[in-house]
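Just so it is clear, none of the values below were taken in a lab; they were calculated from the coordinates. Quick caveat, the model's predicted, so the values are computed rather than measured. No Cβ is skipped: glycine too gets one built from the backbone with ideal geometry, and neighbour counts run over all protein chains shown.
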Amino acid sequence: MRLPGWGRVFIAICLAALIGPASASDPPHQAACPPGLPEGTTCLRGRDAEGAWLLLARPAQWHGGLVTHIFGGPRMATPGPDTTDEDLLRYAEFLRAGWAWASTSRRRAGYGIRRAAEDTLAVRRIAEQQLGPVRFSLLHGQSWGAAVAAKAIETLNEPDADGRRPFQAALLTSGVLAGPSRAYDMRVDLRAAFQAICGSHPRPEEPQYPVTLGLPQGARMAREELMTRYLACTGADQAEEARSPAQRQALTDLAAASRIPEWAIPGHLAWATTQFADIAWQMMDGRSAFGNAGVRYSGTSDDAALNARIPRITPDPDAVARLAEDGDPTGRIAIPVLTLHGVEDMTVFVEHQAAYRDTLARAGTDHLLVQVFTEEMEHSKLAGPIYAAAAAALRDWAELRRRPTPADLRGRCDTLAGPETGACRILPDYQPQPWNSRVNPR
């Protein structure tokens with residue numbers, strides 16, 4: 001018998017309490033740091049009991065704060081000992097500000113928000129065993145990692161016997177926060193429109209499948225092969241005047257139908273291939289958690305023709321429920337959360353933040369949320385010392401009850417900024433539009 005969602009969560013909490021502190025199959029030991037970190041940084045590497053690779057870093061002047069980092073993706077490459085090296089280098093300003101670091105490769109590649117959250121909690125516990133007492137614990141989730149962090153603080157952040165939670169605050173940056181049951185609607189629309197307009201993913205002579213499954217079971221497609229099909233249809237690698245009229249129209253119609261800018265389509269098309277396949281075949285037993293049955297596409301060269309021939313997929317109700325249970329935020333949080341997002345981010349639309357605020361408002365916890373926006377289009381790393389400023393603001397909020405405003409954070413960031421760090425580009429008054437203003441409504 002399959003337990004309802006609350007039943008599985010209750011059992012998971014009980015098991016976590018019985019298991020106690022996280023264990024390691026290869027306890028972290030001092031090892032080489034990625035080159036380029038602040039002088040005096042000490043690194044430790046090891047593996048946890050599930051086989052995930054761990055990376056810990058302690059700055060020369062450690063103030064007792066710990067950042068547990070969750071990278072995005074989800075990445076499809078097999079995890080290895082250096083999986084999170086690039087993340088530590090990218091966010092080395094935490095170390096420069098006196099924060100220690102903990103990250104995990106996760107036990108396996110691919111999707112699985114709750115599984116990734118469990119791996120994150122494991123490295124958090126191991127970090128304290130190895131580094132010593134942590135005075136303040138901050139969870140940082142980037143991109144898809146923010147979705148993991150949002151679920152972790154809802155389901156894996158209960159206080160211990162002393163009333164202390166694993167994470168006292170959370171920083172969610174460029175986050176996928178609308179919840180997986182709707183976060184990929186634009187990619188569903190892109191795959192469906194690509195098949196209607198280009199007809200080459202899959203090609204007519206290849207096995208046919210609902211495009212929301214990503215690929216046939218067991219199939220692989222290199223990005224180069226996918227790009228060959230995309231470029232043949234759109235000519236996007238050529239100057240506009242060198243493209244055929246059909247290619248120019250195809251690219252314009254793909255952007256209109258999916259609401260994804262032309263230049264961002266290749267990345268989304270790749271994710272709608274590999275990630276959809278991972279979700280369908282590793283989590284859903286070949287059933288589709290996504291659909292577009294009731295979507296009406298507009299803004300193309302011939303809306304009536306496109307809507308008549310576009311493939312229509314009705315999602316499997318149980319697959320939808322399983323995906324939502326795995327990752328949709330409920331808003332049931334108990335710690336301060338600060339989000340950062342570039343308003344022109346086309347990898348993860350800024351409207352995710354509107355969706356997340358609505359979720360917390362429905363749960364009555366939006367007083368624990370501060371959202372800050374920057375005048376940027378970057379996704380993987382925002383400019384300036386905004387991360388160090390946000391971490392300090394969250395610590396003050398949690399410990400001193402000083403809830404920051406976007407203007408406060410801009411002031412902190414400007415104080416830390418300099419010629420080497422770049423300017424802080426915070427927009428104190430910006431508010432994103434609702435989620436359904438950015439994607440085709442379901």
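Numerical summary
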{"item": "Sites matching trypsin sites (Lys or Arg not before Pro) across region 181-256 that sit in DSSP coil, with at most 11 neighbouring C-beta atoms within 10 Å", "result": "220"}
{"item": "Inter-label distance for residue 205 and residue 217, nm, one decimal - labels placed 7 Å from Cα along Cα-to-Cβ", "result": "2.6"}
{"item": "For region 10-169, Kirkwood radius (reciprocal of mean inverse C-alpha pair distance, Å)", "result": "15.5"}
{"item": "Crossing angle, helix 113-131 versus the chain [Cα axis fit, 0-90 degrees, rounded to tens]", "result": "20"}
{"item": "Relative contact order, percent, region 183-324 [alpha-carbon distance under 8 Å, six or more residues apart]", "result": "33"}
{"item": "In Å, descending, principal axis extents of the Cα set of region 183-324", "result": "47, 32, 27"}
{"item": "Positive dipole terminus of region 183-324, leading residue within 193, 286, 297 (C-beta point charges)", "result": "286"}
{"item": "GluC sites (Glu not before Pro) restricted to DSSP loop in region 376-442 with at most 14 other C-beta within 10 Å", "result": "378, 420"}
{"item": "Dimensions (Å) - region 114-191, Cα atoms, principal axes, largest first", "result": "49, 21, 19"}
{"item": "Protection-proxy order for peptides 231-238, 318-325, 117-124, each taking the mean of Cβ atoms within 10 Å per residue, highest first", "result": "117-124, 318-325, 231-238"}
{"item": "The chain: calculated mean residue ellipticity at 222 nm from DSSP helix runs of at least 4, using -39500 (n - 2.57)", "result": "-11500 deg cm²/dmol"}
{"item": "Assigned charges on the beta-carbon of Lys, Arg, Asp, Glu; region 183-324 dipole about Cα centre (debye)", "result": "180"}
{"item": "Fully extended contour minus Cα-Cα distance, from residue 160 to residue 242, at 0.36 nm per residue", "result": "23.1 nm"}
{"item": "Under 13 Å, Cβ to Cβ, from residue 98 - net charge with Lys/Arg +1 and Asp/Glu -1", "result": "+3"}
{"item": "Spacing of the two label points (7 Å from each Cα toward its C-beta) at residue 227 and residue 76, in nm", "result": "1.4"}
